[in-house]
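Read through the structure below, which is laid out as structure tokens, and then see the notes.
Read-outs: derived from the displayed coordinates by stated rules, not from any lab. Quick caveat: nothing in here was measured; it's all calculated off a predicted structure. Here the Cβ is made from the backbone with ideal geometry for all residues, glycine too, and neighbour counts use every protein chain on show.
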Amino acid sequence: QVQLVQSGAEVKKPGASVQVSCTTSGYTFTGFHMHWVRHAPGQGLEWMGRITPNSGATKYAQNFQGRVTMTRDTSIGTVNMALSDLRSDDTAVYYCAREGSYDDLDHWGQGTLVTVS
Amino acid sequence: QSVLTQPPSVSAAPGQKVTISCSGRSSNIGNNFVSWYQHLPGTAPKLVIYDNYKRPSGIPDRFSGSKSGTSATLDITGLQTGDEADYYCGTWDSSLSNGVFGGGTKLTVL
């Protein structure tokens, strides 16, 4: 079965950087885009960007341009999301999510809490 | 301010039906697939509708979706207390080249 397993919770100081990893299994890693979505306290879901594991091509939301970097390692089926220059309002749960055949997000990681304080 | 517009909250009694709306524009809902997600506190969002109206395996037929023009709707019939969650619509916006979500709708089963 498809599984997305994310790295553990992080606590960072303002101005620092964080990297969250998402390790996949149960499907062909290079066959599906991977997205990152975050959920800040009291807010809605926010799309951050996506990576195409086959090519490494990325597309980032304008809100995160210049601060976010998404990478992948095809040898181990992992995608990573790095966010720099952290601010208190970056405190959120960050999710990786696989894109299905109709632009939907059909499988999600368990989420990683990033606290900036 | 979310690109897609949803009501902040809806409520209904157990066994009743509720409708959640999602309004957008031609660059997003009007020309792309709509999906719906159920988000329970402390858990990952779960896909309940994709391709505007299709249900993933394991999602009961109490959940249904539709789309007309630049709006989409999620209907939930036979409400159960376990349906209490935040529901989000999502799609691609061709003008922004972005994924976009609605602001979320909190469903309360009274």
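Here are the numbers for this structure:
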| read-out | value |
| --- | --- |
| Among A:G42, A:G26, A:S88 the positive-end extreme of the charge dipole of chain A (Cβ point charges) | A:S88 |
| Surrounding net charge for B:T43, when Lys and Arg each add one and Asp and Glu each subtract one, Cβ distance under 13 Å | -1 |
| Amide H contacts under 5 Å for A:A16, placed H, 5+ residues apart | A:L86 |
| Residues A:Y95, A:Y102 arranged by fewest to most Cβ contacts within 10 Å | A:Y102, A:Y95 |
| Least to most buried among B:C22, A:C96, A:C22 (fewest other Cβ within 10 Å first) | A:C22, B:C22, A:C96 |
| Net charge of Cβ neighbours under 9 Å - reference B:G65; Lys, Arg +1; Asp, Glu -1 | +1 |
| Chain B, Rg to Rh (Cα coordinates; Rh as Kirkwood inverse mean 1/r) | 0.95 |
| Under 21 Å from the Cα of B:K67 - lysines, other chains or at least 8 residues apart | B:K17, B:K46, B:K54, B:K106 |
| Dipole magnitude (debye, nearest 20) for chain A, charges at Cβ of Lys, Arg, Asp, Glu | 260 |
| Electrostatic dipole magnitude of the protein assembly as shown [Cβ: Lys, Arg +1; Asp, Glu -1; Cα centre; debye, to 20] | 120 |
| Sum of side-chain charges, B:S97 neighbourhood, beta-carbon under 12 Å (Lys, Arg +1; Asp, Glu -1) | +1 |
